[in-house]
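For reference, the structure I am asking about is given below.
Any read-out appearing in this document is the output of simple, stated calculations on the displayed coordinates, not a laboratory observation. Only a predicted model underlies this, so the values are computations on that prediction, with no experimental measurement involved. Cβ coordinates were reconstructed from backbone atoms using ideal geometry, including for glycine residues, and neighbour counts include every protein chain displayed.
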């Protein structure tokens, strides 16, 4: 098996993932959009590339970043909060054009469980559930998934994570001190950085391609119960919820991850 992997997006998740894969003997080519981070990638052992993708085109040596790798991990968020006019689908289409003429055979596309709408009438979500998210970001994620899944030049696995927490991302601080928070009874779907990395490694090691996986910790306490307890345990201001509001939400099932990948979650809620 080819032991070189390319990663587009060596940020909060991609950088520690690359470090773990290097420990396992892989050669990693990785991209960042920040000149300041090139040295950080080098220190981990990544062959770094400065690459930015917009709807106008790709800046940087993307072809060299993909060269000689058979596996590509695409781990870049749409970024619509900072740039609501971004055309993420077009960006992924441009990337696919380069993948088509590269040595890449398999793509692991990191997506989000935001592709599923919050709907308490059908709360348990599996990989077979309709991708019916209504937000602008969700619609772009859904369309971007299709860009990869319908491309016949390589095989694609879609991996959808719930809310990410871990290194420098303390979930208690997500809502601490906030007031009038909606959906107090809505279930939460969070996943720790360690579990994200371990699941990605299982997919690569087992060559689980041309499929979808949803991943969130198996416990789904309500927003009110979880964040209240967490903030209390850390002596942080308790969030205040709007108990009169109708709660919305969903439960992301990780049964497929547990059964197919034989994975046991390390971090519980």
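Largest first, please: the extent of the C-alpha atoms of segment 84-194 along each principal axis, to the nearest Å.
51, 34, 29
Using Cα pairs under 8 angstrom and six or more residues apart, how large is the relative contact order of the chain, in percent?
Averaging sequence separation for qualifying contacts and normalising by length gives 17 percent for the chain.
Cut-off 10 angstrom, C-alpha nodes, Gaussian network model of the chain. Which of 188, 58, 142 fluctuates the most?
Among 188, 58, 142, the largest GNM mean-square fluctuation belongs to 58.
Please order 10, 96 by the number of other Cβ within 10 Å, starting at the fewest.
96, 10
Rounded to the nearest 500, what is the 222 nm mean residue ellipticity of the chain from helices alone, with -39500 (n - 2.57) per DSSP H run of 4+ residues and division by all residues?
It lands at -9000 deg cm²/dmol.
Have a look at the DSSP beta bridges in the chain and tell me what percent are antiparallel, nearest 5.
Just about 15 percent of them are antiparallel.
Starting from the Cα coordinates of the chain, work out the convex hull volume and express it per residue in Å³.
Output value, Cα hull per residue: 134 Å³.
Can you give the percent of C-alpha pairs in segment 131-269 whose distance is more than 28 Å?
The share of Cα pairs beyond 28 Å in segment 131-269 comes to 27 percent.
Give the average over all directions of the projected area of the C-alpha convex hull of segment 140-206, one decimal, in nm².
Averaged projected area of segment 140-206's Cα convex hull equals 6.9 nm².
Can you classify segment 228-269 as rounded, prolate or oblate using the Cα gyration tensor, where a ≥ b ≥ c are the square roots of its eigenvalues, rounded means a/c under 1.5, and otherwise it's prolate if a/b beats b/c and oblate if not?
In terms of gyration-tensor shape, oblate.
Ratio of Rg to Rh for segment 1-120, alpha carbon only, Kirkwood?
Rounded to two decimals, Rg/Rh equals 0.98.
Moving on to the next point. Out of the DSSP beta bridges found with both residues in segment 142-269, what percent are antiparallel (nearest 5)?
If we restrict to bridges inside segment 142-269, about 20 percent are antiparallel.
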